[in-house]
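Have a look at the structure that comes next, please.
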Amino acid sequence: QVQLVESGGGLVQPGGSLRLSCAASTSIFRFSVMGWYRQAPGKQRELVAVIGRDDSTSYVDSVKGRFTISRDNAKNTMYLQMNSLKLEDTAVYYCRDFQGDNWGQGTQVTVSS
């Protein structure tokens, strides 16, 4: 079974940046559509960004122009570069492998002054 491990979360001030990483236990990335989700307290989990097998990307409107999803197949790692962070970006962020429906355990991102 594929294991996904997120890292890179933390506490950051509004306007700051973080880069999340999602490392896979196998070389799945080149074969799978991957994505980042987030879940804020009291809210449903939402899809934030997706990257296709051809490296095409898609974003939820609220993060367009601020977040960038990318992948490094050689390292079996996916990234989410988050810039110009806002208070409303506070959430637990999860990565997902759509093909195998595998999820990571999540990493907390807190944006606070």
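The values are calculated or read from the model by the stated rules, or taken from the named source; none is laboratory data. From a predicted model like this one, the values you see are computed outputs, not experimental measurements. When we count neighbours, we look across all protein chains shown, and the Cβ atoms used for this are built from the backbone with ideal geometry, even at glycine. Heads up: the accessible areas ignore ligands, DNA and RNA and are worked out on the full protein's heavy atoms, side chains in. Shrake-Rupley method; radii C 1.70, N 1.55, O 1.52, S 1.80 Å.
Top mean-square fluctuation among 64, 86, 43, Gaussian network model of the chain, C-alpha springs under 10 Å?
Sorting by GNM fluctuation, first place goes to 43.
Mind checking which of 68, 77, 26 has the largest fluctuation in a GNM of the chain, springs on alpha carbons under 10 Å?
Looking only at 68, 77, 26, the largest GNM fluctuation is found for 26.
Could you give me the ³J(HN,Hα) list for region 46-57, computed from phi with Karplus coefficients 6.51, -1.76, 1.60 and θ = phi - 60°, whole Hz, x at Gly and Pro?
10, 7, 9, 7, 9, 10, x, 4, 9, 6, 5, 10
Rolling a 1.4 Å sphere over the protein heavy atoms, what is the accessible area per residue of region 21-113, to the nearest Å²?
50 Å²
Under 5 Å between amide H atoms, partner at least 5 residues away or on a different chain: which partners does residue 85 have, H built in plane at 1.01 Å?
Those qualifying (amide H under 5 Å, at least 5 residues apart or on another chain) are 15, 16.
I've got another one for you. Going 7 Å from the Cα of residue 45 along its beta-carbon direction, which residues of region 76-113 have the amide nitrogen within less than 19 Å of the resulting point?
The answer is 78-80, 89-110.
Turning to a different aspect of this structure: Each residue of region 39-44 in order: what ³J(HN,Hα) in whole Hz does its phi give by Karplus 6.51 cos²θ - 1.76 cosθ + 1.60, θ = phi - 60°, with x for Gly and Pro?
Using θ = phi - 60°, the values come out as 9, 8, x, x, 10, 6 Hz.
Then there's this: Once label points are set 7 Å from the Cα along Cα→Cβ at both residue 88 and residue 112, what is their separation, rounded to one decimal in nm?
2.0 nm
How much length is gained on full extension from residue 26 to residue 105, taking 0.36 nm per residue of separation minus their Cα-Cα distance?
In short, 26.8 nm is gained.
When the accessible area of region 35-93 is computed with all protein chains present and a 1.4 Å probe, what percentage of it is carbon and sulfur?
Looking at region 35-93 in its full context, I get 46 percent from C and S.
Going from most exposed to least, what order do 33, 111 have by accessible area with a 1.4 Å probe?
So the residues, ranked largest to smallest area, are 33, 111.
Given the Cα atoms of the chain, and with Rh set as the inverse mean 1/r over their pairs in the Kirkwood sense, what is Rg to Rh to two decimals?
0.95
Still on this model: Per residue of region 84-101, in order, report the coupling 6.51 cos²θ - 1.76 cosθ + 1.60 (Karplus, θ = phi - 60°) as ³J(HN,Hα) in whole Hz, putting x for Gly and Pro.
6, 5, 10, 3, 6, 7, 4, 4, 8, 9, 10, 9, 9, 9, 5, 5, x, 6
Provide the gained length on full extension for the span residue 54 to residue 70, in nm with one decimal, where the gain is 0.36 nm per separating residue minus the Cα-Cα distance.
My answer for the length gained is 4.7 nm.
OK, next. Amide H to amide H, which residues 5 or more places from residue 90 or on other chains are under 5 Å from it, using H placed in the peptide plane?
111
Name the most mobile residue of 21, 84, 62, meaning the one with the largest mean-square fluctuation, in a Gaussian network model of the chain with Cα contacts below 10 Å.
Maximum among the listed residues: 62.
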